[in-house]
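Take a look at the structure below.
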Amino acid sequence: QVQLVESGGGLVQAGGSLRLSCAASGVKFSFNTMGWYRQAPGKQREMVALITSGGSTNYADSVKGRFTITRDNAKNTVYLQMNSLKPEDTAVYYCNVVPFTRNYWGQGTQVTVSS
């Protein structure tokens, strides 16, 4: 059974930083492209960053230059370093494989950025 457990969210002022973690189990982690997704209130879930099994990355334009996705295959964990946070980054953040698998969604971690 696949489990993806996100952590590291919180309340931060605009301009601040947070580092999210996603621990994976039950999936061949090192073979999969992993992504961070977010869903803001009243909006559709969107992907903000992905990292391939080989370490290549891609980012949504809205976070490019501010967010960095990394992975540690030995720990089956993917990270999202978020710097220069803006109020519009407020959302619940999730990780999943890319493309996502519906049954893999975890509870996510809330990120709230105050102005």
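Overview of results
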item: Mean separation of Cα contacts under 8 Å (6+ apart) over length of the range 31-87, as relative contact order %; result: 24 percent
item: At 1.306 mPa s and 10 °C, Stokes D of the chain from Kirkwood alpha-carbon radius, µm² per second; result: 114 µm²/s
item: Global form of the range 51-107, assessed from the alpha-carbon gyration tensor, a/c cut-off 1.5; result: oblate
item: Environment charge of GLY108, counting only residues whose C-beta is closer than 12 Å and scoring Lys/Arg +1, Asp/Glu -1; result: +1
item: Surface per residue (accessible, 1.4 Å probe) for the chain, Å²; result: 53 Å²
item: Test item: Cα-centred dipole of the chain, Lys/Arg +1 and Asp/Glu -1 on Cβ, debye; result: 120 debye
item: Highest-first arrangement of 82-95, 17-30, 41-54, 63-76, where packing means the average Cβ count within 10 Å; result: 82-95, 17-30, 63-76, 41-54
item: Karplus (6.51, -1.76, 1.60) ³J(HN,Hα), θ = phi - 60°, over the range 56-65, in Hz, Gly and Pro reported as x; result: 6, 10, 8, 9, 5, 4, 5, 10, 4, x
item: Cβ-based net charge around ASN32, under 15 Å, with every Lys or Arg adding one and every Asp or Glu removing one; result: +2
item: Of VAL48, GLY26, ASN58, farthest towards positive along the dipole that unit charges on Lys, Arg, Asp, Glu beta carbons give the chain; result: GLY26
item: Calculated FRET efficiency for the pair SER17/ASN73, C-beta based, R₀ 25 Å, to 0.05; result: 0.55
item: Extension gain from GLN1 to LYS86, taking 0.36 nm per residue of separation minus the Cα-Cα distance; result: 27.0 nm
item: Fraction of accessible area attributable to carbon and sulfur, the chain (%, probe 1.4 Å); result: 46 percent
item: Relative contact order of the chain, pairs being alpha-carbon contacts under 8 Å that are 6 or more residues apart, as %; result: 36 percent
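The values are calculated or read from the model by the stated rules, or taken from the named source; none is laboratory data. Bear in mind that the values here come from a model prediction, so they are computed numbers and not experimental data. Every residue, glycine among them, receives a Cβ derived from its backbone with ideal geometry; neighbour counts consider all protein chains shown. For the accessible areas, the whole protein counts, side chains as well, though only heavy atoms, and no ligand, DNA or RNA atoms are used. Shrake-Rupley method; radii C 1.70, N 1.55, O 1.52, S 1.80 Å.
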